[in-house]
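What follows is one structure encoded as structure tokens, with my remarks underneath.
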Amino acid sequence: MLTDEQIKAAILFKLHKRGNWGGSHTAFDNLKKGWKDENFGKHGVKLVDKMAKDLIRQGMIVPKPTSYGLQVSHNPRKNGEIIEFMKKFFPEV
């Protein structure tokens, strides 16, 4: 089972791999895709949703409301902090 910090790092890494920095966004719902059920306890993908919202509150992910749904990207102003956090769990960054 993954810890909260590991889930947050994986969300940030997913955005990093997609190149979603600043002006390049992806749908908030895309963050929930690709997770295996055994990565979580009984709360499932709802935990990813909660961790992503927590990253928005921390300012590491920038939300962009659109007419077709919420879009998100990395906050380029926290570039160093985001990369340092991801390197704890993904040294190849």
Exercise for the section: Tabulate in residue order the Karplus-calculated ³J(HN,Hα) for the stretch 26-35, using 6.51 cos²θ - 1.76 cosθ + 1.60 with θ = phi - 60°, rounded to whole Hz; enter x for Gly and Pro. Expected result: 9, 5, 4, 5, 5, 5, 8, 7, x, 8
Handout entry: Where trypsin sites (Lys or Arg not before Pro) fall in DSSP loop in the stretch 1-92, at most 16 other Cβ within 10 Å
Key = 33, 36, 42
Fill in the blank from the handout: Convex hull around the C-alpha positions of the stretch 42-93: the volume in Å³ per residue is 109 Å³
Fill in the blank from the handout: Within the stretch 1-75, DSSP-loop chymotrypsin sites (Phe, Trp or Tyr not before Pro) with at most 12 other C-beta atoms within 10 Å are 68
Exercise for the section: Convert each backbone phi in the stretch 5-11 into a coupling constant with the Karplus relation 6.51 cos²θ - 1.76 cosθ + 1.60 (shift: θ = phi - 60°), then list the ³J(HN,Hα) values in order as whole Hz, x for Gly and Pro. Expected result: 5, 5, 5, 4, 4, 5, 5
Problem - Normalised per residue, the volume of the convex hull around the Cα set of the stretch 13-82 (Å³) - result: 96 Å³
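Laboratory data are not the source of any read-out in this text; all were calculated from the coordinates shown. The shown structure was predicted, so the numbers you read here are calculated from the model rather than taken from an experiment. When we count neighbours, we look across all protein chains shown, and the Cβ atoms used for this are built from the backbone with ideal geometry, even at glycine.
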